[in-house]
Amino acid sequence: MGHLLVVESWVGAMSGLLPRAVREAGHGFSFLTRDMQHYLRSSPGPGPHPLLAADNVLTVETNEVGPLLGRVEKLHRALGFDGVVTSCDYYLPTVAMIAERLGWAGPSPEAVERACRKDLTRAALQAHGVPGPGFAVTNGWDEAVEAARRIGFPLVVKPVDLCAGMFVRVVRNETELGDAVRALAGFPVNARQQVRNPAVLLEELLDGPEFSVETVTVDGRTTVIGVTDKSIVGAPWFVESGHMFPAALSDKETSEVSAVAEAAIEALGLDRVVGHTEVKLTAKGPRIVEVNPRPAGNRITELVRRTTGIDLPMLHVQLALGETPEVTPTPTGARSAAVGFLLPPHRGVVAEIDGVDALGAADVVEWSVKPAGHTAGDPTSNNAYLGHVMVVDRVGSGARARVEELVAGLKVRYAE
């Protein structure tokens, strides 16, 4: 039985899926955080928070990497860890540095940093000829205007170091560009109180549908688990309203999308990672949106598990412990699985969400909605969800249409 150190986590689905994977793999874990209240305020369901199932809950400042490395060494001498892991993007580079310092398994810190910083990803992929959008990394208004004129409107504005689609938007002129740049400047620290990089990434607006490629890379060899389709709504924002696995693509399209994801992983130098690479299938072929060196969020890992039997959070755990996991699909009886997310029409306090009676259908395998009294934000990022519904189709690729029908039947009523 291994003892895994878990350094921070996302507060959504993965805060339950990762502890479950550790336990079901026959291991234990200790949880390290700078702020346990961050998790208790956002419990993923009724009952005790799943992260409290840890053998030890340790409070340490996780945002100061230098002192943290020394603290983890001392904790290791006392508690005896066998590896380190996180599911939160903001701590992936930190975890890679801890693993390197203590000689544990994991990807190189440099490769993880390249993947987690969107500007470094773009530079590395361009240097290796991996197709992506035209782009520019800008610092200050004058650079942003000059780059925007060179790339051409409409274009996409992105922070280089945020997640969940935060502040990612299309701008169609210099007025909107100014709004986007000022909004980013007014957000100097992320949700974990880490000081942000002020650079702004401008990208060519890509046409076509978006997909993600779920992979496992071990000892330089990448195995493609499959391709997920992604429903994007909320223009000018890029909000994910749902996913289906496997995507309804031709064999040729699946091969093309998979190949560009594999090339991106290799270009970044990632190894011993579960990967989630987002790709646009444009009229000119597949183009990389971003590469994430961790299992997919938004319950995509559950879609994969329900259709292939492959448990990506468990593979994430096994890789961190230095194991070489088996990546073999097994029959589950499901041909496709899909998840849909309920977005708020606007900001406000939720009085009730109507339509949940329909979620008792036999093909619904999982659902949740926010309770009365929840304060809904604006529907501008993946952080705004008010609930989700997951279905499986045991006949074909109809899960996406079915889940969209069910989510459309949910209605948000607001308090006065």
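The values are calculated or read from the model by the stated rules, or taken from the named source; none is laboratory data. Predicted model, so just to flag it, every value in this text is computed and none were measured. Every residue, glycine as well, gets a Cβ built from its backbone with ideal geometry; the counts of neighbours run over all protein chains shown. All accessible areas refer to the heavy atoms of the entire protein, side chains included, with ligands and DNA or RNA removed. Shrake-Rupley method; radii C 1.70, N 1.55, O 1.52, S 1.80 Å.
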Task: Conditions (1) without any contact (Cβ under 8 Å) to a residue 60 or more places away in the chain; (2) closer than 17 Å to E278 by Cα; (3) buried (at least 19 other Cβ atoms within 10 Å of the Cβ): number failed by L68 - done: (2)
TODO: Return yes when V364 is open to solvent by less than 50 Å² (accessible area, probe 1.4 Å) and in contact with a Gly (Cβ under 9 Å, 6 or more places away or on another chain) and no when it is not.
DONE: no
- [ ] Note down all Cβ pairs under 6 Å where the first residue falls in region 292-321 and is under 14 Å from G275 (Cα atoms) and in contact (Cβ under 8 Å) with a residue 24 or more places away in the chain, the second is among the hydroxyl-bearing types (S, T, Y) and in a helix (DSSP H, G or I), and they're at least six residues apart or on different chains.
- [x] P295/T301; L312/T301; P313/T301
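Taking the stated definitions as given, is R150 surrounded by 15 or more Cβ atoms within 10 Å (Cβ to Cβ), not aromatic (F, W, Y) and not in a strand (DSSP E or B)?
Spelling it out, it is not the case that R150 is surrounded by 15 or more Cβ atoms within 10 Å (Cβ to Cβ), not aromatic (F, W, Y) and not in a strand (DSSP E or B).
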Open item on the list: With surrounded by fewer than 20 Cβ atoms within 10 Å (Cβ to Cβ), farther than 28 Å from F238 by Cβ and at pLDDT below 95 as the only criterion, which of G396, G333, G309 stands out?
Closed with: G396
TODO: Would you tally the residues in region 39-61 being closer than 12 Å to E8 by Cβ and touching a residue at least 60 places away in the same chain (Cβ under 8 Å)?
DONE: 0
Task: Every residue from region 175-231 that is farther than 20 Å from D89 by Cα and free of Cβ contacts under 8 Å to residues at least 40 places away in the same chain - done: T175, L177, G178, D179, A180, R182, A183, A185, G186, R221, V224, V227
TODO: Taking the residues in region 104-124 that are more than 14 Å from A136 (Cα to Cα) and aliphatic (A, V, I, L, M) as candidates, determine which candidate is farthest from the chain's Cα centre (by Cα).
DONE: A105
- [ ] Kindly provide the set of residues from region 190-226 that are polar (S, T, N, Q), within 15 Å of V279 (Cβ to Cβ) and either surrounded by fewer than 17 Cβ atoms within 10 Å (Cβ to Cβ) or under 17 Å from the mean Cα position of the chain (by Cα) (or both), ordered by number.
- [x] S212, T215
TODO: Working only within region 1-56, note down all residues that are more than 18 Å from E302 (Cβ to Cβ), hydroxyl-bearing (S, T, Y) and open to solvent by less than 10 Å² (accessible area, probe 1.4 Å).
DONE: S30, T33, Y39
Open item on the list: Residue pairs, Cβ under 6 Å, 6 or more apart or interchain, first in region 85-98 and closer than 20 Å to G2 by Cβ, second assigned to a helix (DSSP H, G or I) and not hydrophobic (A, V, I, L, M, F, W, C). List them.
Closed with: A96/P109
TODO: Please specify each residue of region 358-415 satisfying the condition of being farther than 17 Å from A334 by Cβ and among the charged types (D, E, K, R).
DONE: K370, D378, E404, E405, K411, R413
Task: Selection within region 71-93 - assigned to a helix (DSSP H, G or I), open to solvent by 10 Å² or more (accessible area, probe 1.4 Å) and not acidic (D, E) - done: R71, K74, L75, H76, R77, A78, L79, Y90, L92, P93
Task: Number of positions in region 316-326 that are open to solvent by 40 Å² or more (accessible area, probe 1.4 Å) and of a type outside the set (S, T, N, Q) - done: 3
Open item on the list: So R122 ticks every box in (1) farther than 26 Å from D378 by Cβ; (2) of a type outside the set (A, V, I, L, M); (3) surrounded by fewer than 22 Cβ atoms within 10 Å (Cβ to Cβ) but one. Which box is left unticked?
Closed with: (3)
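From the list V195, V233, which one is out of contact with any helix residue (DSSP H, G or I) (no Cβ under 7 Å at 6 or more places or on another chain), closer than 29 Å to D393 by Cα and β-branched (V, I, T)?
Testing whether each residue is out of contact with any helix residue (DSSP H, G or I) (no Cβ under 7 Å at 6 or more places or on another chain), closer than 29 Å to D393 by Cα and β-branched (V, I, T) leaves just V233.
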